[in-house]
1. Can you tell me how much longer the chain between Phe30 and Asp5 gets when fully stretched, taken as 0.36 nm per residue apart minus their C-alpha distance, in nm with one decimal?
2. Under 14 Å from the Cβ of Lys2, count the other residues' Cβ atoms, weight Lys and Arg +1, Asp and Glu -1, and hand me the total.
3. If each residue of separation counts as 0.36 nm, what is the full-extension length gain between Glu13 and Asn39 once their alpha-carbon separation is subtracted?
4. What percent does the relative contact order of the chain come to when contacts are Cα pairs within less than 8 Å and at least six residues apart?
5. May I ask you to give the percent of accessible area on the chain that is carbon plus sulfur, with a probe radius of 1.4 Å?
6. Work through the residues other than Gln31 whose Cβ is under 12 Å from its Cβ and net out their charges, Lys, Arg +1 and Asp, Glu -1.
7. Describe numerically, in nm with one decimal, the distance between label points set 7 Å from Cα along Cα→Cβ at Ala51 and at Asp63.
8. With a ≥ b ≥ c taken as the square roots of the eigenvalues of the C-alpha gyration tensor of region 1-42, please select rounded if a/c is under 1.5 and otherwise prolate if a/b is larger than b/c or oblate if it is not?
Amino acid sequence: MKSKDLRDLSDTELVEHVRTQRREAFGLRFQHATGELENTAGLGAAKRGLARALTIAQQRGIDTHTLRHG
């Protein structure tokens with residue numbers, strides 16, 4: 001998702017997007033570690049997507065540290 005699209009999301013939607021991105025990145029890291037991941041480029045894209053969403057959340061003043069265990 002592009003930065004412009006992320007900025008258009010409400011705070012609640014952005015928080016949910018961050019959670020989804022974290023789950024996706026974790027799943028891809030797990031697949032990579034077990035040798036099941038064929039397309040390793042997806043791992044980098046997931047990390048960039050998470051970083052993009054976290055940046056927008058930080059700019060809005062959303063505490064992203066509390067999102068880890070949610």
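1. Gain on extension, Phe30 to Asp5, equals 6.2 nm.
2. Here the charged neighbours net out to +2.
3. Length gained between Glu13 and Asn39: 6.6 nm.
4. 44
5. Carbon and sulfur atoms account for 50 percent of the accessible area of the chain.
6. Taking every Cβ under 12 Å from that of Gln31, the sum is -2.
7. Each label point is offset 7 Å from its Cα along the Cβ direction, giving 2.6 nm.
8. oblate
The values are calculated or read from the model by the stated rules, or taken from the named source; none is laboratory data. Because the structure is predicted, anything quoted here is derived from the model rather than measured. Here Cβ is always computed from backbone atoms with ideal geometry, including for glycine, and neighbour counts include all displayed protein chains. Surface accessibility is based on the protein's heavy atoms, side chains included, excluding ligands, DNA and RNA. Shrake-Rupley method; radii C 1.70, N 1.55, O 1.52, S 1.80 Å.
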